[in-house]
Amino acid sequence: MLAQSTAAGLRAVWEFRSPLGLIVLEAFGDALCTVRFFDPPVSERAPDCRAVCTPIVQETLDWLEHYFAGAPLPPIPKLSTLGSAFSLALRSLVCAIPYGETRTYGELARNLLSSPRAVGRALSRNPIALIVPCHRVLGRGYALVGYAGGLARKKALLDFEKNHRPWPSVNHTAIL
């Protein structure tokens, strides 16, 4: 309890070195806000960032380590509830796509009484990659389209999930 109350309001930014490149994750208080692939080096550090491994950061690091090891996944870390009602409903649908399976933008759109384009636009701004597995969403006819982390990563993630191959070892560090 003390660790949680101490962490409230604390912004933590961490790097996770994955087999597919650097992943930056950001948590604020007890909720995960961002998990994204980061291609250029992280050059600017936020002045309010602390090199503290908060409980939510540790949960997220554990989740990522399990994912890239091809091991059974622990529960999803607590996610930030920032976003529109539409994006939060879409997030729930995307999180419900089972590991190793895919859906199309159109299938998700029908569930939300929306358009595939609106779903694609919202997913292009998904701030919590992998954990909100937007890489499992494909275009019409299950075509490989659209992924903020790049189509090569999307294909690698889908192939990995399909084949359940463990990746080489991974590590993580605080961004100071």
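Evaluate the following for PRO133: is it closer than 18 Å to VAL35 by Cβ and exposed (fewer than 12 other Cβ atoms within 10 Å of the Cβ)? Answer is no for this residue. Residue-level analysis places ARG140 outside the set of residues that are outside the structural domain of PRO19 (by TED's automatic domain parsing), in contact with an Asp or Glu (Cβ under 8 Å, 6 or more places away or on another chain) and either within 19 Å of GLU65 (Cα to Cα) or of a type in the set (Lys, Arg) (or both). Since ARG103 meets every condition but one in (1) without any contact (Cβ under 8 Å) to a residue 12 or more places away in the chain; (2) surrounded by 15 or more Cβ atoms within 10 Å (Cβ to Cβ), which condition does it not meet? Every condition holds for ARG103 apart from (1).
Residues in region 3-29 that are modelled with pLDDT of 90 or more, out of contact with any Cys (no Cβ under 7 Å at 6 or more places or on another chain) and of a type in the set (D, E, K, R): ARG17 only. All of GLY70, GLY120 fail the test of being in contact with a Phe, Trp or Tyr (Cβ under 6 Å, 6 or more places away or on another chain) and either in contact (Cβ under 8 Å) with a residue 24 or more places away in the chain or under 20 Å from ASN163 (Cα atoms) (or both), apart from GLY120.
The values are calculated or read from the model by the stated rules, or taken from the named source; none is laboratory data. Since the structure is predicted, the reported quantities are computational estimates derived from the model, not experimental observations. Backbone-built Cβ (ideal geometry, glycine too); neighbour counts: all protein chains shown.
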